[in-house]
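The values are calculated or read from the model by the stated rules, or taken from the named source; none is laboratory data. Nothing here was measured: the structure is a model prediction, and the numbers come from that model. Cβ: placed from backbone, ideal geometry, glycine included. Neighbour counts: every protein chain shown. Heavy atoms of the whole protein, side chains included, go into the accessibility calculation; ligands, DNA and RNA do not. Shrake-Rupley method; radii C 1.70, N 1.55, O 1.52, S 1.80 Å.
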Amino acid sequence: MRETEVAEPDRARIRAGDRAAFGELYDRYARAVYNHALRLTGNWAEAEEAMSETFLAAWRTRETVEPEGGSLKPWLLGIATHKAYNANRGLRRRLAFLARSPEPRPVEDFAEETAGRIDDARRLAVVHRALSRIGRQDREVLALCVSAGLDYRQAAEALGVPVGTVRSRLSRARTRLARLSAEEQGRTGTEPPRPHGEMESEAALAALFLREETR
């Protein structure tokens with residue numbers, strides 16, 4: 001999904017703590033940050049939390065922004081990558097606790113309008129199971145380059161690694177995710193969306209691009 005049509009905020013204003021400039025930064029990149037976190041966490045609530053924490057951390061560390069440079073998107077997605085990882089760790093701890101707790105009483109789902117949301121959640125779970133079977137570092141590069149649209153240099157900036165490392169991780173991740181996605185879809189019978197302009201050999205990667213949130 002394209003960034004909101006808001007001009008790129010001036011770096012000097014961001015560094016100086018200009019709240020209006022920071023508001024522009026949020027308006028331009030909030031959706032991109034959220035979607036990136038969603039792909040890494042596989043959970044809408046965790047993605048919301050990661051997005052909020054990303055912009056809070058960005059505000060607190062605004063003085064680290066270089067006065068000169070291009071888009072601030074790599075900086076934000078680098079923070080979001082870290083926050084999404086922390087959110088996943090927190091989720092795993094909560095799930096471990098719930099596994100030791102008595103099961104809640106089942107509640108009937110009577111709202112038909114939630115059916116689409118449930119279907120999206122199931123598809124997202126399928127994709128995230130496939131993603132969870134590749135290494136964290138490869139998963140992060142895949143989300144940044146394939147999904148968030150960063151080039152190799154920007155992804156390297158976001159992760160603090162050399163460009164060559166991004167290239168090798170992305171190549172490895174593409175191959176492994178294509179195979180694992182096909183396995184998950186075959187096992188569950190869940191169909192991914194049709195690819196949008198993807199190379200046919202990478203059709204399995206379309207599962208990564210579940211309908212981006214627009215709410």
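Only one of ALA45, ALA12, ALA21, ALA16 is open to solvent by 20 Å² or more (accessible area, probe 1.4 Å) and in contact with a Pro (Cβ under 9 Å, 6 or more places away or on another chain); which? Quick ask: steps written out before the conclusion?
On the way: ALA45 fails: in contact with a Pro (Cβ under 9 Å, 6 or more places away or on another chain); ALA21 fails: open to solvent by 20 Å² or more (accessible area, probe 1.4 Å); ALA16 fails: in contact with a Pro (Cβ under 9 Å, 6 or more places away or on another chain).
It is ALA12.
The residues of region 52-71 that are modelled with pLDDT under 95 and either open to solvent by less than 20 Å² (accessible area, probe 1.4 Å) or in contact with a Ser or Thr (Cβ under 7 Å, 6 or more places away or on another chain) (or both) amount to a single one, VAL65.
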